[in-house]
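*Asks:* First, the structure itself, so that you have it in front of you.
Coordinate-derived values only; no laboratory data. Here the structure is a predicted model, which means the values were calculated and not measured. Glycine also receives a Cβ, built like all others from the backbone with ideal geometry; neighbour counts cover every protein chain displayed.
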Amino acid sequence: MSPFPRSNRFALPLALVAVLLLAAGCGPRRDDRSGLFEPHKIDIAQGNYVTQEMLDRVKPGMNREQVRAALGTPLLNQLFRNDRWDYVFAYRHASGRVDQRGVTILFKDNRVVDIRADKLPERDDSTDPALPGARQGSNTQRSSGK
C-alpha cells in the first residue's frame, strides 16, 4: 500500500511540473521576442522602403512623374509645401526598437533640385536591420544630399 492516498499520488509530480514551467519564464529577457507571459508582439513595417539603388535613379532635373516611377508615391505630400516629397520608412521591432530612415526630394518648377537622404541600404537585402528576419543593429546617420 502506498503512503499517499490515491488522490494525492499525482500531486507531487504536478507541483514539480508547475514549478518548472514558472521557472522557465524567469530567464533573461531577449529584445527580439516577446516573453512567456507577455502578449504576442509582431514586427511592423510602415512607409516607403527605398534603397540607394532606387535613389540613384533620381537625378536633378527630373519631373515628378519620373520620380514617382523610380521611388513610388511619397508617403508624405504636404498640402502647403507641394515643392517637397518625403519618403519615410519605419520598422518597429517586437522589442519596441524602431529603425527609421527617410528621403526628401525638393522640387522647383516641378523639377528635382535637391535630394536629401539618410544612410540607405545599397539594395534590397535580407540583412537590412529594417526588414523582417534581420536582427542586426541599425545605422540611421544623416548624410548630406547629392
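*Asks:* Amide H to amide H under 5 Å from ASP114: which residues, 5+ apart in sequence or cross-chain, H placed 1.01 Å off N in plane?
*Replies:* The answer is LEU106.
*Asks:* Can you list residues from other chains, or at least 5 along the same chain, whose modelled amide H is less than 5 Å from the amide H of LYS41?
*Replies:* Those qualifying (amide H under 5 Å, at least 5 residues apart or on another chain) are SER34.
*Asks:* With a sphere of radius 10 Å drawn around the Cβ of TRP85, what net charge do the other residues whose Cβ falls strictly inside it have (Lys, Arg +1; Asp, Glu -1)?
*Replies:* Numbers: positive: ARG64, ARG68, ARG81, ARG84; negative: ASP83, ASP86.
So the surrounding residues net to +2.
*Asks:* Full-extension gain between ASN110 and VAL98, please, as 0.36 nm times their residue separation minus the C-alpha to C-alpha distance. Walk me through the numbers on the way to the answer.
*Replies:* Numbers: separation 12, 0.36 × 12 = 4.32 nm, distance 3.33 nm.
Additional length available on full extension: 1.0 nm.
*Asks:* Test of the criteria: in the stretch 80-126, which chymotrypsin sites (Phe, Trp or Tyr not before Pro) are in a DSSP loop and have at most 16 other Cβ atoms within 10 angstrom of their Cβ?
*Replies:* Values: sites: PHE80, TRP85, TYR87, PHE89, TYR91, PHE107; in loops: PHE80.
Sparse-neighbourhood loop chymotrypsin sites (Phe, Trp or Tyr not before Pro): PHE80.
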